[in-house]
Every structure is written in structure tokens, then in C-alpha cells.
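Everything on this sheet refers to the single structure shown next.
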Amino acid sequence: MVAAGESILSVSNLEVVYDDVVLVLRGLSLTVPTAGVVALLGANGAGKTTLLRAVTGLLHSHRGRITKGTVQFDGRDITGADPARVVRLGIAQVMEGRRIFAEMTIDENLRAGAHTRRSRAEVRESYARVLDLFPVLASRRRSTAGYLSGGEQQMLAIGRALMAAPRLLLLDEPSLGLAPKLVEQVRDIIRHINEQGTSVLLVEQNAMMALSIADFGYVLEVGTVVRDDPAGDLLADEDIREFYLGAPADGAQRSFAEVKSYRRKKRWSA
Amino acid sequence: MSPELTAFLTNCFAGLALGSTYALVALGFVVIYKSTGVINFAQGGLLALGAYLGYTFSENLALAFGLSILFACLAAAFVGAGFERIVLRRMVGQPPFAVIMITIGLLFIIEPVLTAVWGFDNLQVPNPWNIQTVEAGGLVFGVRDLWTIGITIAVVTAFFLFFRFSGFGLAMRATAFDPEAALAQGISAKKVYAVSWAIAAALAALAGITLAAGPGGLSPSIGFIALAAFPAMILGGMDSPAGAVLGGIVIGLAEALTRGYQDQLFSWAGDNVSIIVPYLLMIVILLIRPYGLLGTKDVRRI
């Protein structure tokens, strides 16, 4: 774990409940180091998206709330803060499924991303930077965003988030539904964004892609962290390879009936 | 000009004036529906409230009529936004049906309040238009009608410029399209909802005052006109501001033309057939285009 002083985001002992009954996160703790890339892995329903919602203040519209624990951003307590404040403080989120404003133009989508910012000059600067990063958007600024291809829409979603000039970027499954070549492109872009000084928390099902750019990885299972290790260690780990990378541990095909994963999971949780 | 043509054009002009009023109210319906997913049945109440406030500013406070209109719209906007802030904000995330029932409740509360303050009598709003007419090219235009059309064009244009080009208009469209994604950009849904209500109430008030300055005067039943604007909104497509304006004009023209040719064409149907025309037209158009003239296909129906 990283010491609190060097971390930009630190989540501790977080408990989130939906509809007052469904406990989705149970005592989750996680840290994103300043200027680092952290990967968050886990199967469907493990609570990855819920964690992001808890950070950005989007739980409310899903009838969820934080019942325990704290979220700190840059030394400031933002537990349960409203989304506008979170964005203003410097956290931007690329939501799962891209969620671009399909009826609006690319230009309008990007301007919507800069909604919380007041300085026009700074917004213009970000705008130029985003178009520089995504030339494919630059040539089609006036066209309707809904007509972009899946990959271009993902670029737009990332560009829109960058328009808020975030210090921490949260990405929820940016590689979902993209062709391998585009996944590589998204990975390079995330790396590039990070190199320019933005910290990144990357939620992915594509563990190979995520761990290839992350410094550190967390594995989530039923709402709690079962592993936290440097990304290199996770990549080399036999269990991780088997569960998340789809590679058999000993190189031979095994039947699932023989895989006693529950024991390993139990060992992790302990 | 032949008398037939003169009669036709006169009817069309009356239809445009009536349609302008419908367009303002229908636009208010759409603004609230688009951003909050709720049909505001209290629109007629806000229209009546705006008209009575305009009356008070003009008659009791002896303000210039233009100022009375402005203040009445501002006051109505304040009431609309306040109602959203105090009552409806607690209902965010609740089923739209419950919120719609609340707006119906508001409608029935506003009416007795108005009669308690201003009484049941038909009032004449002091205004510079009265029943003056101007003549041009053999046609006679009512000054009030001309102003109503002119003001509507100006206000609707201003609204579309605001909605299309301003930063807050962008935020409103983003919220309408995907509330959660808009929130994630730091757009305050609360502010968007409150401003939507303020705009809708101001539009309703404007429609109310211009209507009250007409030959019908001002009575508690003035809010009923919103019922005819309702088909205008549905006909245009519930989520389309342009559709609301178009729907309003279409309904207004249809109603005025039916009334104008009542004796020649519809004498068999009785005297007041023009009153049902908006609803007939709505049914026919919905049968052909279930999502309205300019509405999007996947609009939720209530």
C-alpha cells in the first residue's frame, strides 16, 4: 500500500448499500498513488462500478448510499459529495458504455465535459489538447456524435472527460466491445494521458490490457479486495492468469470441474 | 381581393394568433417533459396565475403594460422554480406517475387561490391594444393578435438560441438526453430542473397575459386553454421544442379555420365543433405517427 501523503485517492473501509438492503461493497479499501495508474479487476457484480459511483457521487440516482468508510481525494474528504463538486475538485469519469450525448455534436459533447470550468481560455486550451490527442474527432467536430463508430465514441468519451482537466481520471471498462487493435489504441492513449500527469484508476475486465499499463492492481470479489499487488506480480500470478487472463496455469488444458478455485478464493479473502 | 380569399386569410391570421398562444404553452410542457420526464398538468394554473399577476401589475399598480408582462413572467418563473425546489426535488428518482399526480394537485390548488384573491368576475386587463385594428392590403388585423404573434416569434426565437447555443442550454439538452452522464460531467440536475420549471412558467404566464388582453378578458377559467395546448404538444412530439411550436400553430389554424367555415361546412355538427378539433387532430396524427410530428421514436408514453 502507498502512504497517504503520496496518494491522490484513498478509499478506506467503504461500505455501500443499494435500496437500503443490498450490501455491494463491504469494507473496501483502495489507494491511487499520485501520477500512478491503478487497475481494478474483478468479475461482473464484484462492485467495480459501484466503487466508481461512490467516488464520483453518482450512487444517489441508483438508490445507493455509503453507510460506512471514507473517500479522500487529495487529502480532502469527499465522502458522499455531490457530482458537480467532485468534478470541480478534479475527478473525471469515463462511464461504462461510453454514454456520449448521441444527439449532440462532437463539439457540444466536449463542451459539456467542460461544464464546471469558468476560464474560457483554459477551456480552449483543453479543447485544443483533446483534438490534438484525437485527430479523428478534430475533423468531424460539427457532426452528430451518434454517427461515430464504437471506437471513436470511446475516444469522444475520454476526450469529454479530459475537458474537465482532471487530476484523476476514472475509466470504467474503456475496452468493452472494441476490436483488439482499438483496445491497443485506447491503452496507448491512457498511458499518454498518465504521462502528462493525470492519475488513473482503470476498471477493466480485460485484465491483460489493464495490467500492462498499471503500476498496481486490485482484485475485487463480492465487494471486497481479495488481492492487492504490483501489476507485474499479478500478471505473473498463476491464479490471476487462470481466472482473468484465460491462460491455464501449467500450460495444459484442464477441465473446469478440476479447478478448485473456491479454495484459492477463500485463501485470498482470509 | 375576392371576399372568399379575404375571409380565408382573416381566418388564417386568427389561427396564427391562437396558435401562438398554444405554442407558448406547449413549449412549456415540452421543456419540463424533456428535462424531467414529467408532464406538468399545472401549466394551465400557472397560465392563469401569470394572467392575474399581469392584471394586478397593470390595474392596481398602474405599471406600463410591457412592464406588467415582464414582471408577471418573472413572478411566475419564481413560483415555478420555487415549486420545483420545495416540492418536486424531494420526488427525484420517484416514479413519474407520482410526480404527475402532484402537478394535478397543484392545478386544483391554484384555481381556488386565484378566485379567493381576484374573485369570479370577468376582469378587463388595462392594455394599449384593446380592440384596435389596422388595415393592410384589404385585410383587417387585430392589434392584439399582431402583438401576440410578434412576441411569440421573439420569445420562441430567443428560447431556441438559448437552448441551442448557450452553455446552460447545452447542460439542459445533456440532462434531457442522459441525466446520469450529465451528472458525471458535473452538470447540476437540480439547477436544470429548476430552470426548466421557471422557463415553462414564464412561457405560460406570457400566454396568459396576452390572452387576457383579448376580447375574452380574464376569468378563472382562462387556464382551460392549456388543455388545447396539450394536444399541440403531443401532436408535435412530446420531446421536441420545435414540434411544440409547430403543433401549436397547426392546432390554432385548424381551430380557427373550423370556426370560420362553421356555417358553410360544419353546420350539421353544431355550433362548437371547433372546440373538439384539436383533440380530433391529435388522435388522427397519433394514429399515423404515434410519436408525433417531430418527436423521437423511443419516447416513453404515459
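The values are calculated or read from the model by the stated rules, or taken from the named source; none is laboratory data. The structure presented is a predicted model; accordingly, all values stated were derived computationally and were not measured. Positions of Cβ are backbone-derived with ideal geometry, glycine not excepted, and every protein chain shown enters the neighbour counts.
General observations
- Yes/no for residue B:157 being away from every other protein chain (no Cβ under 14 Å) and among the β-branched types (Val, Ile, Thr): yes
- Looking only at region A:61-85, and only at residues there that are among the aliphatic types (A, V, I, L, M) and closer than 20 Å to residue A:161 by Cα, the one that is farthest from the other protein chains (Cβ to nearest Cβ): A:78
One line per residue, one yes/no per condition, for (1) surrounded by 14 or more Cβ atoms within 10 Å (Cβ to Cβ); (2) modelled with pLDDT under 90; (3) in a loop (DSSP other than H, G, I, E, B):
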residue	(1), (2), (3)
A:169	yes, no, no
A:189	yes, no, no
A:192	no, no, no
A:202	yes, no, no
A:243	yes, yes, no
A:247	no, yes, yes
A:253	no, yes, yes
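- On inspection, residue B:24 fails the criterion of being over 19 Å from residue B:193 (Cα atoms) and crowded, with 24+ Cβ neighbours inside 10 Å.
- From A:117, A:88, A:98, residue being at the interface with another protein chain (Cβ under 10 Å from one of its Cβ atoms), closer than 18 Å to residue B:177 by Cα and among the basic types (Lys, Arg): A:98
- Filter result for the condition that a residue is touching a His at 6+ places or on another chain (Cβ under 9 Å) and among the aliphatic types (A, V, I, L, M), over A:84, A:102: A:84
- Residue within region B:103-112 that is in contact with a helix residue (DSSP H, G or I) (Cβ under 8 Å, 6 or more places away or on another chain) and among the small types (Gly, Ala, Ser) present: no
- Test: residue in region B:2-14 that is in contact (Cβ under 8 Å) with a residue 12 or more places away in the chain and within 14 Å of the chain's Cα centre (by Cα): no
- Pick from region A:96-114, criterion in a loop (DSSP other than H, G, I, E, B) and out of contact with any Phe, Trp or Tyr (no Cβ under 9 Å at 6 or more places or on another chain), ranking: surrounded by the fewest Cβ atoms within 10 Å (Cβ to Cβ): A:97
- Each residue in region B:63-87 was checked for being touching a residue at least 60 places away in the same chain (Cβ under 8 Å) and either not charged (D, E, K, R) or not in a helix (DSSP H, G or I) (or both), and 14 of them qualify.
- Residue check, residue A:45 under 19 Å from the mean Cα position of the chain (by Cα) and surrounded by 18 or more Cβ atoms within 10 Å (Cβ to Cβ): no
- Count of region B:166-197 residues, restricted to those that are in a loop (DSSP other than H, G, I, E, B), at the interface with another protein chain (Cβ under 10 Å from one of its Cβ atoms) and surrounded by fewer than 24 Cβ atoms within 10 Å (Cβ to Cβ), is 2.
- Selection of region A:208-222 for residues being surrounded by fewer than 22 Cβ atoms within 10 Å (Cβ to Cβ) and either touching a Leu at 6+ places or on another chain (Cβ under 7 Å) or of a type in the set (Val, Ile, Thr) (or both) yields A:208, A:213, A:222.
- Matching residues in region A:139-149 - criterion: being in contact with a helix residue (DSSP H, G or I) (Cβ under 8 Å, 6 or more places away or on another chain) and in a helix (DSSP H, G or I): A:145
- Selection status of residue A:140, surrounded by fewer than 22 Cβ atoms within 10 Å (Cβ to Cβ), within 10 Å of chain B (Cβ to nearest Cβ) and either free of Cβ contacts under 8 Å to residues at least 12 places away in the same chain or of a type outside the set (Asp, Glu) (or both): no
- Of all the criteria given as (1) away from chain B (no Cβ under 14 Å); (2) more than 22 Å from the chain's Cα centre (by Cα); (3) of a type in the set (Val, Ile, Thr), the one not satisfied by residue A:183 is (2).
- Being at pLDDT below 95 and either crowded, with 17+ Cβ neighbours inside 10 Å or within 27 Å of residue B:176 (Cβ to Cβ) (or both) is a description that does not apply to residue A:160.
- Residue list for region B:150-205, filter: among the hydroxyl-bearing types (Ser, Thr, Tyr) and over 18 Å from residue B:78 (Cβ atoms): B:152, B:157, B:166, B:175, B:188
- If you check A:118, A:98, A:141, A:129 for being closer than 23 Å to residue A:53 by Cα, in the same structural domain as residue A:72 (by TED's automatic domain parsing) and of a type in the set (Lys, Arg), only one passes: A:98.
- Residues that are part of a helix (DSSP H, G or I) and surrounded by fewer than 18 Cβ atoms within 10 Å (Cβ to Cβ) within region A:223-233 comprise A:232, A:233, listed in sequence order.
- Any hit, region B:250-267, residues being within 15 Å of the chain's Cα centre (by Cα) and of a type in the set (Gly, Ala, Ser): yes
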